[in-house]
Amino acid sequence: MAISAAGLSVSGPARAADVFDPDWLVAFGADSAFAFQLDTSNAGSGESSPITADYHLSKYQVTNAQYQAFLDDTGGTAPRAWPDGAYWAGKDDHPVLYVPYTSAVAYADWLSGQYTDWTFRLPTEAEWENAARGTDTYAYPWGNSLDTVYADGVLSSHCNYNTVCAAYVLEAYGDTTVTYVGGSLNGQTAILADILSISSTGALTGWYDTSARTGFVYTDLFQEIEDEGGNTSAVGAFPAGDTGTGLADMGGNSWDWTSSEIVATNGQEKGDLVNAIRGGSWYASSRSCATWYRGEGRAPDGGANTVGFRLAAVAA
């Protein structure tokens, strides 16, 4: 199952080539006074984190096809979730997921060897937030309002977050009976439209309840979406959500790895030293897509179905 035009109003996707194009790099200046908007628990003032040198950030997240080119050249191992070692059909230009931080670094090192003018790496968390929020310190990459509208079964959104997936499945399967898989209601059935609901401004209920271990994510339909690579979209498919400098998908689609280490404050890795992730994903809430929001992070040797990466670069 892939993202569909059904139940969703977006412009056509920007096609990303199989080979990385340095023309996608957007320049940003050093900022010795940079400070995060919020702290690691998304509350209160954030700490200072000077950006000591100019840098560039890629407009797009690295795609399945681009990562496949790296694997073909190096003989590397495909992400664990790829069926039979190949990514899902029709997802050439979707962000690559299930890539550990260590493998993302290996990709950046490999790409550096393909170009004489650039050295590629993963961005720091400060570089990422600086690029996402812009000089106006926007709450979202495109501005200060989420600007999601849901009316007559059609969702208009600036980014791909969990409400996008919900709108699609409600339009396509709203009257369908689904079965709970795992969780407190394991084996029980329900009509999908009785589980999920979306407000006129895109607020979503019924996605999951971690304390009760129930909600849509515990159903067989959601399992099917996961098995087909998640409800990602082509990179650049939400141009209304681009930053003022032209960066795509800084909110939603997939989290971006950063090179910065933090101590996770929640989630399954709470208390562990992890790499910070930024930007939200197809699975995450709209709040996670805010420029100030700091994800709980992930262990560098683990891959997740919501985490991909984009590249930073400096002139060689």
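Quick rundown of the values:
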quantity	calculated
Integer Hz, Karplus 6.51/-1.76/1.60 couplings in order for segment 200-214, x for Gly and Pro	5, 9, x, 5, 10, 10, x, 5, 7, 10, 5, 6, 8, 6, 8
Relative packing of 168-174, 291-297, 260-266, which averages over residues the other C-beta atoms within 10 Å, highest first	291-297, 168-174, 260-266
For segment 31-72 versus segment 137-175, the gap between their alpha-carbon centres in whole angstrom	24 Å
Dipole of segment 86-222 [Lys/Arg +1, Asp/Glu -1 at C-beta], most positive-end residue of Ala139, Val217, Val181	Val181
Area of Asp147 that stays accessible when all protein chains are in place (1.4 Å probe, Å², to 10)	80 Å²
Cα-centre dipole for segment 60-160 with unit charges at Cβ (Lys and Arg positive, Asp and Glu negative), debye to 20	180 debye
Stokes-Einstein translational diffusion, segment 121-223 - Kirkwood Rh over all Cα pairs, 1.306 mPa s, 10 °C, in µm²/s	102 µm²/s
Residues with amide H under 5 Å from that of Asn160, placed H, sequence gap 5 or more	Asn253
Assigned charges on the beta-carbon of Lys, Arg, Asp, Glu; segment 151-273 dipole about Cα centre (debye)	280 debye
Accessible surface, per residue, of the chain when the full set of protein chains is kept, probe 1.4 Å, Å²	40 Å²
Long-range HN-HN contacts of Thr219 with modeled amide H, under 5 Å	Val181
Charge dipole (segment 199-282, unit charges on Cβ, about Cα centre) - positive-most of Gly280, Thr265, Ser233	Thr265
In sequence order, calculated HN-Hα J values of segment 276-292 (Karplus, 6.51, -1.76, 1.60; Hz; x Gly/Pro)	5, 10, 9, x, x, 7, 4, 8, 8, 6, 4, 4, 5, 8, 5, 5, 8
Distance from segment 252-271 to segment 82-105 (C-alpha centre basis), Å	19 Å
Under 5 Å, built H, 5+ apart or other chain: amide partners of Ser233	none
Using θ = phi - 60° and Karplus 6.51 cos²θ - 1.76 cosθ + 1.60, couplings along segment 30-37 (whole Hz; Gly, Pro as x)	5, 8, 5, 9, 5, 9, 5, 5
Selection from Val149, Gly251, Trp24, by position along the positive dipole direction of the chain (Cβ)	Val149
Accessible area of Thr137 in the full protein assembly, 1.4 Å probe (Å², nearest 10)	60 Å²
Percent carbon-and-sulfur accessible area, the chain, ignoring ligands, DNA and RNA, probe 1.4 Å	47 percent
C-alpha long axis of helix 162-173 to longest principal axis of the chain, angle in °	40 degrees
Which labelled figure in (1) 126; (2) 163; (3) 184 is volume of the Cα convex hull per residue in Å³, once derived from the coordinates	(1)
Ranked packing of 251-257, 124-130, most packed first, by mean Cβ within 10 Å	251-257, 124-130
Efficiency of FRET from Cβ geometry, Ser45 and Asp220, R₀ 41 Å, rounded to 0.05	0.40
Between helix 101-112 and the chain: long-axis angle, C-alpha atoms, 0 to 90°, nearest 10	50 degrees
Filtered trypsin sites (Lys or Arg not before Pro), segment 80-173: DSSP coil and at most 15 other beta carbons within 10 Å	Arg80
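The values are calculated or read from the model by the stated rules, or taken from the named source; none is laboratory data. Note that the structure is predicted; figures quoted are calculated from it, not measured. Methodologically, a virtual Cβ is constructed for each residue, glycine included, from the backbone with ideal geometry; neighbour enumeration extends over all protein chains shown. Just the protein is used for accessible areas: all its heavy atoms, side chains included, with ligands, DNA and RNA removed. Shrake-Rupley method; radii C 1.70, N 1.55, O 1.52, S 1.80 Å.
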